[in-house]
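Read the structure below first, then the notes.
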Amino acid sequence: MPNLPIPPFHQRFASLAATRWRYPLALIAGWLVAMAMEPVAAPIAGIAGLALFIALLGTRPPSESLRLGLAFGLAHFAAGLSWIAQAFSFQSSMPAAMGIVAVFGLAAFLALYPAIAAYAARRLTGRIVPLTFLLAGLFTLTEILRGTLFTGFAWHPLGAAFLPLPIISGLAAHIGANGLSAILILTGGAVATLILAPRSPGAPILFAAILAIALSGKLTQPPRSGQPASGPTFLLVQTGTSIADKNAPGGLERSLSAAIAQSRAALPGNPTAIIWPEATVEFPMEEMPILRRQLTQDFAPQTLLVTGGVALERGADGMISGARNSFYALDYQGNILARYDKSHLVPGGEYLPLRAIAEPLGLARLVPGTLDFLPGDGPVTWNLPGLPALSPNICYEIIFPAAVVKRDHRPQAIITISNDAWFGDHGPPQHHAQARLRALEEGLPILRVTPTGLTGLIGPDGAMLATLPRGAAATLSVRLPAPRPVTLFARFGLIAPGVFALLLIAVGYALHRRKT
């Protein structure tokens, strides 16, 4: 039998993509991109996954692109959000198995965004180079929409994959995390082009774009952060309290006692501010002045306590009408100097959407109690005695680009508290990565405090300057590095990545029209 020539790789790939394997391949592509994020943090996996996905789109007809996008998004979000299921094991209102339903239900909904981007890009062109540009721009626009529509869920932007690569991640100061997502797609498309169509007339344009992006990242990379020799000292308190411990009989009191003991042990160091995690105090602060004085007992006059707490709302009849997840600043006598109410609440966690429909179906919110939390008014800037101007954020709020500081009163730092003990091993490092992206975008250092980690100081370049071990009961004393000058993203917000996305779409469409 004569030796038959082996068909070119792209022909063999096209043959494979024409079989029933095309949807498993799309699932594998989505899973690989999820592995580019924390806690695996392997950018090469994201590039490989996107190269595979773009190759699939380019070799299949437009009619299949929506289904391929759904498969890609389902795997990507289910793998990346698996930690949500862990939260359901800490409540008794619903079966713990509902956590799996929640993960796949949310992943299926979020998959609509990349599916729409894939469908629109493939409808416009089938050639790999213009397809890459179009997908990068359209995906970025849908990612921006994902973070804003229906209260938004901005978790897991593709751009988070570049955090281990400061030369590229530093570009978030100009085009935001969403703009980094476009760069990751361009890089994946460049790999797919090298393998499937290296002689395409449009290939040099794509490769030149990648090179230009890398050079611009190198030229605009911010100087590495460092801690100053002087300035106010912040004591970050990580109590080490798990949700199981806190939910046990007497757990709230023990958790609070641990925070008090850790703080008092550090008082000889004369910290200017002591920061406790979200929900350290789960008692109505305004209504318990004796408790407030106990919290700051033995504090020096210059020392402030900054802590998460709960505020109750009461009607004219004195009955409780709602609650707020709040952030307090207390002086050494327990007086309330400032209060910030969380404005971006977690659906299903802090309030139950469509409660009249959801409750008869056996659904409940994850946080104990039936009283929904009420939202606050949005970002504020605190000017507290002895401290630089601070922008307080609570937990989930830090994941939203262009929504973490007050634009007309720019702070010198961001302070964010969370309770990541709910989310197992995978959720906390992903949440911390989101905070690092906000630091890059705004050019501001971030103080981040949680009961079980990750607790630490993030520099304005996104670097992790100091971090406590996960799960440990420990404290960390830090001083803030100086903020960077106002970044392009800080000035224009989501307009910056939006314009970048439109530019990529224009390039892709021009290449398509030129038949390159």
### Calculated FRET value between residue 407 and residue 19, using beta carbons and R₀ = 60 Å, to 0.05
0.70
### Task
Could I get the Rg over Rh figure for region 234-483? Both from C-alpha atoms, Rh via Kirkwood, rounded to two places.
0.95
### Query
Label point 7 Å out from residue 287 along Cα-to-Cβ: which residues of region 301-323 have amide N under 16 Å?
309-323
### Query
To one decimal place, what orientation-averaged projected area in nm² is obtained for the convex hull of the Cα set of region 144-291?
15.5
### Task
Grab the Cα-Cα distance for residue 44 and residue 389, subtract it from 0.36 nm times how many residues apart they are, and report the gain in nm with one decimal.
120.3 nm
### Query
What angle do you read, to the nearest 10 degrees and between 0 and 90, between the alpha-carbon axis of helix 172-196 and the longest principal axis of the chain?
30
### Query
Can you work out ³J(HN,Hα) from phi for every residue in region 151-157, in order, using Karplus 6.51 cos²θ - 1.76 cosθ + 1.60 and θ = phi - 60°, giving whole Hz and x for Gly and Pro?
6, x, 8, 8, 5, 6, x
### Query
Could you give the nm distance between label points at residue 300 and residue 314, where each point is 7 Å from its Cα heading toward the beta carbon?
3.8
### Query
Using 7 Å Cα-to-Cβ label points, what is the residue 337/residue 11 separation (nm, one decimal)?
7.4
### Task
Between beta-carbons, use under 14 Å as the cut-off and find the net charge around residue 37, counting Lys and Arg +1, Asp and Glu -1.
-2
### Message
Averaging the inverse of every distinct alpha carbon separation and then flipping it gives the Kirkwood radius. What is it for the chain, in angstrom units?
### Response
24.1
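None of the figures in this text is laboratory data; all of them are computed from the coordinates on show. In this text the structure is predicted, and so the values were computed from the model without any measurement. In this analysis, Cβ positions are derived from the backbone assuming ideal geometry, glycine residues included, and neighbour counts consider all displayed protein chains.
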